[in-house]
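Asks: Encoded as structure tokens, here's the structure I'll be asking about.
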Amino acid sequence: MGRFNLLVFFCSLSLLLCLFPHSASAQLRKNYYANVCPSVETTVRNVVRQKIQQTFVTIPATLRLFFHDCFVQGCDASVMIGSSGAEKDHEDNLSLAGDGFDTVIKAKAAVDAVRGCTNKVSCADILAIATRDVIALSGGPSYEVELGRLDGKTSTAASVTGKLPHPNFNLNQLNAMFAANGLTQADMIALSAAHTVGFSHCSKFSNRIYNFNSRSPVDPTLNKTYAAQLQSMCPRNVDPRIAINMDPNTPRTFDNVYFKNLQQRMGLFTSDQVLFEDQRSKPTVNAWAGNANAFNQAFAAAMTKLGRVGVKTGSAGNIRRDCSVFN
């Protein structure tokens, strides 16, 4: 290639990189459906509000569904697919509550019932809107949701392996997993605060209160009074269906009490409490424990970044007529 042609090639490549730095997420915008289905956000919020009135579980279930969807093959509603062997069948997704799925399915039906909106809005976008709404309706920050995602065309249980954080993760493991999705340590700490609402089965943290290690059956980083409370709620042979609040103080409110709990060594999971125990993350925990507004801003920003992960465009996706079935 001649020098002139080489120069043109690199200039053209540079221009493309500038114009389309992240071509998939670049198509996302806040007014995406303004001319197609302008009522979409109002319609979804009405469904979400009604669902919350029926059951509080709607809030943590929808929020968790969005996170589990985005971390596996991107935010493409692939976790919604109901066929056997799909993402939802992986061990890490078996505890996803049905109310999250139900919220999206009902919201999709409501949107499609609006004249002009039928099959114009993706399940992935409806999940993103519903997630913002459950956060806002439970006391958390409201934020404008970027829209324009398409629904994914594949969903396999095998694709979930190694993509979701576990309750026993340390800071290095958490940071690595979030970094793989373009998220910083601060984003990770903010998103971890989703544990301010919702429930956990006893089996997810029983090792911390009964058989932590050979020297100490109870995790020494666990508040002793809180550990005793957990033992009373989760005896050794507890019914595996029993679940307890992840936030013992304000379990039905999305707030920064999550961080105050960590300061009191009342984080339910190892992956929660490590955020306070590790000196690299402790300053952020302390800052947000003392400043709810700063936390709300950080959480909204982190959710926006999370919503950009693995966005499908063009032939890589479509708009599903039924969120639980491929077209």
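Asks: Given the criteria open to solvent by less than 60 Å² (accessible area, probe 1.4 Å), free of Cβ contacts under 8 Å to residues at least 60 places away in the same chain and assigned to a loop (DSSP other than H, G, I, E, B), does V218 qualify?
Replies: When the stated conditions are applied, V218 passes them.
Asks: Another question, then. Say whether the condition of being part of a loop (DSSP other than H, G, I, E, B) and surrounded by fewer than 19 Cβ atoms within 10 Å (Cβ to Cβ) is met by at least one residue in region 262-273.
Replies: There is at least one residue in region 262-273 that is part of a loop (DSSP other than H, G, I, E, B) and surrounded by fewer than 19 Cβ atoms within 10 Å (Cβ to Cβ).
A quick yes/no check of all residues on (1) closer than 16 Å to V274 by Cβ; (2) in contact with a strand residue (DSSP E or B) (Cβ under 6 Å, 6 or more places away or on another chain):
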position	(1), (2)
L150	no, yes
N207	yes, no
N213	yes, no
S232	no, no
Y258	yes, no
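Asks: Oh, and also: Considering G162, G148, which residue is at positive phi and surrounded by 17 or more Cβ atoms within 10 Å (Cβ to Cβ)?
Replies: None of the other options fit; the residue is G148.
Asks: Does Q53 fit the bill of being part of a helix (DSSP H, G or I), open to solvent by 40 Å² or more (accessible area, probe 1.4 Å) and not acidic (D, E)?
Replies: So Q53 fits the description; yes.
Asks: I'd like the full set of residues that are at negative phi and touching a helix residue (DSSP H, G or I) at 6+ places or on another chain (Cβ under 6 Å), limited to region 196-216.
Replies: T196, V197, I209
Asks: Conditions first: (1) over 14 Å from the mean Cα position of the chain (by Cα); (2) open to solvent by less than 50 Å² (accessible area, probe 1.4 Å); (3) over 27 Å from N35 (Cα atoms). T154 passes all but one, so which condition is the exception?
Replies: T154 satisfies every listed condition except (2).
Asks: Filter region 113-145 for residues that are among the small types (G, A, S), assigned to a loop (DSSP other than H, G, I, E, B) and either surrounded by fewer than 24 Cβ atoms within 10 Å (Cβ to Cβ) or at pLDDT below 95 (or both) and give the result.
Replies: A113, G116, S138, G139, S142
Asks: Right, another one. Out of all the residues in region 170-191, which are surrounded by 21 or more Cβ atoms within 10 Å (Cβ to Cβ) and small (G, A, S)?
Replies: A190
Asks: Another question, if that's okay. Identify, by number, the condition in (1) open to solvent by 20 Å² or more (accessible area, probe 1.4 Å); (2) touching a Leu at 6+ places or on another chain (Cβ under 9 Å) that A298 doesn't meet.
Replies: Every condition holds for A298 apart from (2).
Asks: If you don't mind, there's one more thing I want to ask. Test F299 against the criterion of being over 17 Å from F178 (Cβ atoms) and in a helix (DSSP H, G or I), and give yes or no.
Replies: no
Asks: Out of (1) surrounded by 15 or more Cβ atoms within 10 Å (Cβ to Cβ); (2) modelled with pLDDT of 95 or more; (3) of a type outside the set (V, I, T), what's the single condition that is false for G198?
Replies: (2)
The values are calculated or read from the model by the stated rules, or taken from the named source; none is laboratory data. Treat the numbers as computed from the prediction; the structure is a model and nothing was measured. Every residue, glycine as well, gets a Cβ built from its backbone with ideal geometry; the counts of neighbours run over all protein chains shown. Heads up: the accessible areas ignore ligands, DNA and RNA and are worked out on the full protein's heavy atoms, side chains in. Shrake-Rupley method; radii C 1.70, N 1.55, O 1.52, S 1.80 Å.
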